[in-house]
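Have a look at the structure below before the remarks.
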Amino acid sequence: LVIETLREVDPTRKCYRMVGGILVERTVKEVLPALENNKEQISKIIETLNQQLQAKGRELNEFREKHNIRLVGEDDPKQPPKEGPEGAGAKGGSAGVLVS
């Protein structure tokens, strides 16, 4: 947004930029290239981090498959589906029920 705004402004106009916690006075023609360079570097870093995230995701999935790790609530294809609460009462008897 700042880069787009500064492109439309006179290059000799004063502008202020925060550099290391200090507000410095520069001209638009000095500040604009630095901002564009920062934007390019940030884009490259984001791309690199996305690639690393995808690589770690693949590594995690391979590790889970290798060691047969399952998360809670994840369906295990080897086990039959568990019965719901309505089926548990018929087979389980009165387990966990107090009657007075």
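A short reminder: the numbers here are calculations on the coordinates, not readings from a lab. Just so you know, these numbers come straight off a predicted model, no measurement behind them. Cβ coordinates were reconstructed from backbone atoms using ideal geometry, including for glycine residues, and neighbour counts include every protein chain displayed.
The alpha-carbon positions of segment 1-67 define a convex hull whose volume is 96 Å³ per residue.
Counted by Cβ distance under 14 Å from residue 59, the other residues give a net charge of +2, where Lys and Arg count +1 and Asp and Glu count -1. Peptide packing for 39-51, 61-73 was compared via the average number of neighbouring C-beta atoms within 10 Å per residue; ordered from the highest value, the list is 39-51, 61-73. Between residue 2 and residue 37, the contour length at 0.36 nm per residue exceeds the alpha carbon distance by 11.3 nm. On full extension of the chain, what length is gained from residue 70 through residue 26, given 0.36 nm per residue of separation minus the C-alpha to C-alpha distance? Taking residue 70 through residue 26 to full extension adds about 10.1 nm, to one decimal.
Remark on residue 27: its backbone amide H falls under 5 Å from those of 15, a criterion applied only to residues 5 or more positions apart or on other chains, H modelled at 1.01 Å from N. Extension gain, residue 49-residue 62: 0.36 nm per intervening residue step, less the Cα-Cα distance, totals 2.7 nm.
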